[in-house]
Amino acid sequence: MSVKLLISKIIEEELESTDCFLVGVDVNQAETDLRFYIDGSEGVSVKICTRLSRKVSRIMDEEYLDDEPIRYEISSPGVDQPLIDKRQYPQHMGRDLEITHTDDSTVEGELVNVSEQDITLSVSISKHKKEQQTVKFENIKNSIVKVSFKPRKK
């Protein structure tokens, strides 16, 4: 089993009893430098990342005996990373998203609804008028949360 698959399996098993989930992995070709990104409906605590790192370290020390040193990191994706998994959207209700469609057109608006198939944004079409636009997940090429320091609407 590859190092990426082994660590991914450990992380996913450990996260089963939480509201967190694995959303992505960055890895070099030799699988000696790996970054695992987890997210959750309420974000990710340092405590969860620490627990996962310790568990992975114990198992890697016991099972992966290779001459090649392995470096890995477990963290949340960070605010500058695109949303990858449908499960990431609900925690961003009330925030502005910039969506790039599969046809490379873009739309920016406040996330007002998330369903199994799509999201709905409230988009400004003029200074005093907004309209709701629904975007199917299958039509989203990229989705970025626009960072704002204003209080979020609940």
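The values are calculated or read from the model by the stated rules, or taken from the named source; none is laboratory data. Source: prediction; values computed, not measured. Cβ placement follows ideal geometry from the backbone for every residue including glycine, while neighbour counts extend to all protein chains displayed.
Values as computed for the structure displayed
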| item | result |
| --- | --- |
| One residue from Asp26, Asp61, Asp33, Asp19 being over 30 Å from Ser148 (Cβ atoms) and either in contact with an Asp or Glu (Cβ under 9 Å, 6 or more places away or on another chain) or assigned by TED's automatic domain parsing to the domain that holds Met93 (or both) | Asp33 |
| Filter pass, Gln81 being more than 23 Å from the chain's Cα centre (by Cα) and not assigned by TED's automatic domain parsing to the domain that holds Gly43 | no |
| Glu98, sole failed condition from (1) in a loop (DSSP other than H, G, I, E, B); (2) without any contact (Cβ under 8 Å) to a residue 60 or more places away in the chain | (1) |
| Residue list for segment 56-75, filter: surrounded by 16 or more Cβ atoms within 10 Å (Cβ to Cβ) and modelled with pLDDT of 90 or more | Val56, Tyr72, Ile74 |
| Among (1) under 30 Å from Lys136 (Cα atoms); (2) among the aliphatic types (A, V, I, L, M); (3) surrounded by 15 or more Cβ atoms within 10 Å (Cβ to Cβ), the one test that Ile7 misses | (1) |
